[in-house]
Amino acid sequence: MIWSDRDIKKALADGRLAIQPFDPRNLTPNGYDLTVGDIYIGGETRDEAVIPPMTWFALSTAEYIRLKNVTAQLWIRSTYARKGVFSSFGKVDAGFEGCLTLSCFNTHQDLSLKKGERFCQIVFEDLLSEPSHYYRGKYSGQNNIKLW
């Protein structure tokens, strides 16, 4: 089951989910909009950038999330999809904790990005049962862009 905004608020209150910083204005009916943290382009990390067409870039979310007995999906906001931005989002595993690194490609026109802009939506899903183990991989606990 996908969580509604009410489910998200309840999970934040009971500790199954943490989003820091949390901004209630970023709640959607069925998810939460994550914002741009750092932007990595051309070998440098920046707070804002103009990404030319046909350019790969990465960004971190400003939000540090913690998932207990829940998993999540990431979806690019339609604003960026309409501008020709592709991103290969994956599933966020139960037990993940940290900022997320997003890999993206700008296809079409100059793209202005800056820290704090809403970029993607995270959609939370219940697990039918508690997993036998939680994610504890190399990306756990990251606070900025981690490419490898």
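The values are calculated or read from the model by the stated rules, or taken from the named source; none is laboratory data. Source: prediction; values computed, not measured. Cβ coordinates were reconstructed from backbone atoms using ideal geometry, including for glycine residues, and neighbour counts include every protein chain displayed.
When the stretch 85-108 is filtered for residues that are assigned to a loop (DSSP other than H, G, I, E, B), modelled with pLDDT under 95 and surrounded by fewer than 14 Cβ atoms within 10 Å (Cβ to Cβ), the ones remaining, listed by number, are 88, 90, 108. Looking only at residues of the stretch 1-14 that are closer than 26 Å to residue 59 by Cβ and of a type in the set (A, V, I, L, M), we find that the one that is surrounded by the most Cβ atoms within 10 Å (Cβ to Cβ) is 8.
The set of residues in the stretch 53-84 that are crowded, with 18+ Cβ neighbours inside 10 Å, aliphatic (A, V, I, L, M) and not in a strand (DSSP E or B) contains only 62. For the stretch 15-52, a residue qualifies if it is among the hydrophobic types (A, V, I, L, M, F, W, C), under 16 Å from residue 112 (Cα atoms) and surrounded by 14 or more Cβ atoms within 10 Å (Cβ to Cβ), and the qualifying residues are 36, 39, 41, 49, 51.
Can you find a residue in the stretch 11-18 that is closer than 19 Å to residue 145 by Cβ and in contact (Cβ under 8 Å) with a residue 24 or more places away in the chain? There is no residue in the stretch 11-18 that is closer than 19 Å to residue 145 by Cβ and in contact (Cβ under 8 Å) with a residue 24 or more places away in the chain.
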